[in-house]
1. What nm distance separates the two modelled labels at VAL212 and VAL240, each placed 7 Å from Cα along Cα→Cβ?
2. Whole Å is fine, so just give me how far the alpha carbon centre of region 105-147 lies from that of region 182-250.
3. From a point 7 Å beyond the Cα of ASP99 in the direction of its Cβ, which residues of region 113-140 have a backbone N at a distance under 20 Å?
4. When ranked by the protection proxy of mean other Cβ atoms within 10 Å per residue, highest first, what sequence do the peptides 238-244, 131-137, 203-209 form?
5. Checking the a/c ratio against 1.5 first, then a/b against b/c, what shape does the Cα gyration tensor give for region 131-198?
6. Efficiency by 1/(1 + (r/R0)^6): what FRET value for ALA232 and VAL137, r their Cβ-Cβ distance, R0 = 25 Å, to the nearest 0.05?
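Any read-out appearing in this document is the output of simple, stated calculations on the displayed coordinates, not a laboratory observation. Predicted, not measured: the structure shown is a model, and the values here were computed from it. When we count neighbours, we look across all protein chains shown, and the Cβ atoms used for this are built from the backbone with ideal geometry, even at glycine.
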Amino acid sequence: MPAPPSLPAAPVRGDVAAALGTDASAGANPGSCTRRARSTTNRGNGLNGAGTAAFLELVAGRRGHFRLESGHHGGLWLDLDPLFVHTPRVAPLATALADALRQYGADAVCGPMLGGAFLAQLVAQALGVDFHFTERVAPPPDAGGLFRVRYRLPPALASRVRGKRLAIVDDVMSAGSALRGTHAELQAHGGVVVAAGALLVLGQTGADFFAVQGIPVEAFARDDYPLWLPDACPLCAAGVPLEDVTAAAE
C-alpha cells in the first residue's frame, strides 16, 4: 500500500476533517467530533477555521492510520516538533491562550514534556506565575487498555504544587492522555487544577473528561477530529496498516 500523502502546510479550510478528506462523523465515538465542547468557553480564534489554519502553518501532518498515546486510533498525525522552533510565530498563540486562562487565577502553569512544557513556560511568563512540568513515564510493554501512560512531577517540584491553583496546558489535546496524566499527578501531590488549555483542541474526548471533573477547557482553536476505540476503528476494518506513533517514545 502506498504511503499516505503529506498534508498541505495550511489547509484551505480550518476543519481538520476536511484536510483529511474524511467525514468526521463517520465511525466516531459518540460526541467525539462535536464542534463545541460543553465544558469550554469560546475565546480568541476559538472555533473558527482561521485559528486552526494558523496553528497548522507551524506544524507538519500526514494522513494514515495511527495508534495514539491514549490507545485510541486516529487518521491524522501532527508532527509537533517544529512548533516552538520559531518563537515569534508561536508566541501570539500562547499569549491568546494565556489571556483566556487569566480569569481562573492560577498560581502556576504546568505542562507535560515536551511541547506542553514549552507552552506552559510561555503561558506562565505571560501570566506572571510559576512554571511546572511533568515527565512521561512509559507503560510496561504488556500493559493494555486506554490511557496507559503516566506523567510525573520531578521530585524537586512535587512539594511546590500542594495547595496551589494550577492551569494545565498542552500544545494539542485530542483524547487528552498527557493532560489527564498531568492532572492526576498534580492531584496526587495536593494541587488544585482550575483550568486546562491547548493551542488546538481536536474533537471532544479530552474535553468531555475535563467536563466531568468540572474543569473548564480553553483553546486558541478547535476542530473536528475522528477518534476511534480500537475495536470500533473503521480503518482497522478496512485493513489499513496501523502505525504506532508512540513506539519511539516508549
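1. 2.7
2. Between the Cα centre of region 105-147 and that of region 182-250, the gap is 14 Å.
3. 119-129
4. In decreasing order of mean packing, 238-244, 131-137, 203-209 become 203-209, 131-137, 238-244.
5. It comes out oblate by the Cα gyration axes.
6. 0.35
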